[in-house]
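Written out below as structure tokens is the structure these notes cover.
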Amino acid sequence: MTAPPGEAVIDVADLAKTYRTPFTRRRVEALRGVTFQVRRGEIFGFLGPNGAGKTTTIRILMGLISATAGTAKILGNPVPSRQARARLGFLPEQPYFYDYLTVGELLDLAGRLFGLDAATRKRRADELIAKVGLDRARTQALKKFSKGMMQRAGLAQALINDPDLVVFDEPMSGLDPIGRKEVRDLILELRDAGKTVFFSSHILSDVESVSDRVAIVIRGQIQAVGSPRELAGQTLLGVDVTLRLDDPHGAAADEIAARGDRVRRGDRELSLTVAADVDVDELLAFARERGARVVVVAPRHDTLEDLFVKSALASDGGTAAGAAVTEGP
Amino acid sequence: MTDRLGRIWAIALNTFREAVRIRVLYGILFLVVAANVFAIVLGEMSIHEEARVARDVGLAGISLFGALTAIFLGVVLLYSEVQRRTVHAIVAKPIERWEFVLGKYLGMATTLTVLVGLFAAAMVVLLLYQGVGVSGAVVKAVVLAWGEVMVVAAIALFFSAFSTPFLSGIFSLGLFVIGRITPDIQAALGSKEASAGSKTLLRVVLEIVPDLHLYAVSGRTLDGQHVSVNGDFVSWGYVATAGGYGLLWIGGLLALAIVIFQRRDFA
Ligand SMILES: Nc1ncnc2c1ncn2[C@@H]1O[C@H](COP(=O)(O)OP(=O)(O)OP(=O)(O)O)[C@@H](O)[C@H]1O
Ligand SMILES: [Mg+2]
């Protein structure tokens, strides 16, 4: 399973999935021709609004559901494949595990399914429980776990086999800010250990901050694939300027503020954004003459969020959520 | 191969651990013990019949409550894995779905075996208390009852591979009852009154229902001989044949459950 760097670890081509509800014969086209590749060793963010088809794609990859059309390969094996799953770690969306087990017993079960011997199971379980911060909940039944604790237990069981590829469906959901940061760090750490990380989220900042590459899926179709930078584009939208002033509400401040927009005034600070074509040197000189000291000058680019919202809105006139639903056979 | 057994065993063990935490089972155990104690009280009122009443009530408790528990576990345990999505993390591991289904069944079978063992132990304790001892017939009858419980568990698991606990429960209970009265259905077929249509229907029913009455022979007439756990009982050869018959049914039902489960979407 030692594929060269850059080789596709996940290869999805023209994947389609239509859910059919029995009786009512409603058809939900959750995926409509999804194609993308995840390369070995990268962090790949799978981004999309609610109901876009992220979980559906992941469930097909994990062999939980079958695709209506198209192909999917994991680590070179067509799914579903037992061999591929041996090198895989999976965190399901809103994971739920057996009520009466402790986290240690859960990890032991997971380890047995990977065919690990007792000593390895014990050692890995101890490491992982510490890593996800569940040391103090070791004796507690999973039934009594909070949502975030369950998420942590889910992460631990996904890593029990020291996988080459991890697939996390919404790994940050249900976590507090510290937990979210820990998961971001965990993802980076896994990549640094040479693993490939594929994770889904509808939260832009989570995806943007760690992903090497991103795919944006909307209503069952891929809208864009690329690095966050590529996708966001390099066009300068404006410049953010923050100045220190004795009186950010005084007349001098008003004069400076008049030259930009998005003005924010703090106790001793004034921030504003000026257009991309403004002569920033001249503005700063103008400000200094009025007693201001420059604190920060930063370029403002198009963010992934702008792209996300734009493509979401473009795909249908109103909300971006949901899939194509048709009545009848 | 050992890996495969290890995985099946892991699922079975987990199922057993889960099942023994279901409180209802302890309620059932209590009921069975209470029934046995009640049998003693009843037996003391009927002079010289103590042993007979104790054996009959004990055995009836094992097969009735055993079967009901088998149905209960069978319809709940597999279904809830899908319903609560615990199955998602499991089937994404390197395990085949058939290994999972087989593991579930073995876990249930282990739980039920322990339970039947406890039921039987309660009965034996009370028989010893009455000073009548345990006859070979009682042992055979318990083994037969246990075999029936195993078949009923497979029936329930089969239904739960594609339907809700409520429906699976009704279907399983239906099969259990009909399976117990197939000789009576056979007799009805012989009568002149039944219409051709209903006879065809009954023949179909006889074909698709396991003959569970084979496991509850005490008090029936077999090949013109009256059989009773209190008197002349069946041979070990009969027990073995019934066991083989049960194994065939269990194998067939599990195979069907696996085929259905294999094709399911877990969404
Ligand atoms: N079992 C199902 N039966 C019918 N439709 C379904 C089923 N599961 C999902 N869908 C539909 O498929 C579409 C995609 O759902 P999916 O769960 O893949 O979205 P998602 O991108 O994971 O969303 P979220 O961010 O909310 O988790 C939705 O419109 C959803 O309603
Ligand atoms: Mg989802």
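Read the figures in this text as sums done on the coordinates, not as results from a lab. Computed from a predicted model, the values in this text were never measured in an experiment. Backbone-built Cβ (ideal geometry, glycine too); neighbour counts: all protein chains shown.
When you filter the chymotrypsin sites (Phe, Trp or Tyr not before Pro) in the range A:1-80 for DSSP loop state and at most 11 other Cβ atoms inside 10 Å of their Cβ, you are left with A:F23.
Taking 0.36 nm per intervening residue step and subtracting the Cα-Cα distance, what contour gain separates A:A285 from A:A118 on full extension? Display every interim value, and only then the final one.
Values: separation 167, 0.36 × 167 = 60.12 nm, distance 7.03 nm.
Answer, rounded to one decimal: 53.1 nm.
Converting the Cα gyration tensor eigenvalues of the range B:136-193 into ellipsoid dimensions via √(5λ) gives semi-axes, longest first, of 24, 22, 7 Å. Considering all C-alpha pairs of the range B:2-263, those separated by over 30 Å amount to 34%.
Quick one: order B:E49, A:E289 by neighbouring beta-carbon count within 10 Å, fewest to most. It would help to have the intermediate numbers written out before the result.
Details: B:E49 14, A:E289 11.
Going from least to most buried by this count: A:E289, B:E49.
Within 10 Å of the Cβ of each residue in A:88-96, the mean number of Cβ atoms contributed by other protein chains is 4. What separates the Cα centres of the range A:22-93 and the range B:72-130 is a distance of 32 Å. With R₀ fixed at 30 Å, the C-beta to C-beta distance from A:T35 to B:V259 puts the FRET efficiency at about 0.40.
For the residue pairs A:K73/B:K104; A:K17/A:K73; A:K54/B:K104; A:K131/B:K104; A:K122/B:K93; A:K181/A:K310, the C-alpha atoms sit more than 20 angstrom apart in A:K73/B:K104; A:K54/B:K104; A:K131/B:K104; A:K181/A:K310.
Could you tell me the calculated FRET efficiency between B:R17 and A:D254, based on Cβ-Cβ distance and R0 = 56 angstrom, to the nearest 0.05? Can you show the working numbers first?
On the way: r = 72 Å, r/R0 = 1.28.
Here the calculated transfer efficiency is 0.20.
With a cut-off of 12 Å between beta carbons, the residues surrounding B:L214 carry a summed charge of 0, where Lys and Arg count +1 and Asp and Glu -1.
Looking only at the protein assembly as shown, where both bridge partners belong to it, what percent of the DSSP beta bridges are antiparallel (to the nearest 5)?
On the way: 46 of 64 bridges.
Expressed as a percentage, antiparallel bridges in the protein assembly as shown total about 70.
D by Stokes-Einstein for the range A:24-91, Kirkwood Rh over Cα pairs, 10 °C, 1.306 mPa s: 119 µm²/s. Partner shielding of A:105-114 amounts to 6, given as the average count of beta-carbon atoms from other chains within 10 Å of each residue beta-carbon. Between B:L201 and B:V114, the modelled label-to-label distance comes to 4.4 nm, taking each label 7 Å out from Cα in the direction of the beta carbon.
For chain B, set up a Gaussian network in which alpha carbons nearer than 10 Å are linked by springs, and say which option among B:I62, B:I90, B:I250 fluctuates the most. Looking only at B:I62, B:I90, B:I250, the largest GNM fluctuation is found for B:I90. Summing +1 for each Lys or Arg and -1 for each Asp or Glu among the other residues whose beta-carbon sits under 15 angstrom from that of A:Y98 gives +4. How many Cβ atoms of partner chains, on average, are near each residue of A:50-61 if near means within 10 Å of its Cβ? Whole-number average of other-chain Cβ neighbours for A:50-61 is 1. FRET efficiency for the pair A:V225 and A:K181, taken as 1/(1 + (r/R0)^6) with r the Cβ-Cβ distance and R0 = 30 Å, rounds to 0.70.
What are the equivalent ellipsoid semi-axes of chain A, built from the alpha-carbon gyration tensor (square roots of five times its eigenvalues), in whole angstrom, biggest first? Present the calculation step by step, with values, prior to reporting the outcome.
On the way: eigenvalues 378, 141, 70 Å².
Result for chain A: semi-axes of 43, 27, 19 Å.
Angle between the Cα long axis of helix A:103-113 and the longest principal axis of chain A, 0 to 90 degrees, nearest 10? The helix A:103-113 is inclined about 60 degrees to chain A.
Listed from fewest to most Cβ neighbours within 10 Å, the set B:Y215, B:Y26 follows the order B:Y26, B:Y215. Within the range A:220-255, which residues have the backbone N less than 14 Å from the label spot 7 Å out from A:D267 along Cα→beta-carbon, could you tell me? Residues A:245-248 qualify, since their backbone N sits under 14 Å from the label point.
Taking K and R as +1 and D and E as -1, what net charge do the other residues with C-beta under 14 Å from the C-beta of A:R180 add up to? Write down the numbers at each step before the final one.
Working: positive: A:K147, A:R152, A:K181, A:R184; negative: A:E170, A:D176, A:E182, A:D185, A:D206, A:E208.
Cβ neighbours under 14 Å give a net charge of -2.
Taking the longest Cα principal axis of chain A as reference, the axis of helix A:280-289 is set at about 50 degrees.
Approximating the spin labels as points 7 Å out from Cα along Cα→Cβ, the A:A276-to-A:E305 distance works out to 1.9 nm.
Listing A:H249, A:H202, B:H88 from fewest to most neighbouring C-beta atoms within 10 Å gives A:H249, A:H202, B:H88. Extension gain for A:D14 to A:T242 (0.36 nm times residue separation, less C-alpha to C-alpha distance): 77.3 nm.
Each peptide in B:240-249, B:173-182 gets a packing score, the mean of other Cβ atoms within 10 Å over its residues, and the list from highest to lowest is B:173-182, B:240-249. Taking Cα atoms only, the orientation of helix B:2-19 departs from the longest principal axis of chain B by about 60 degrees.
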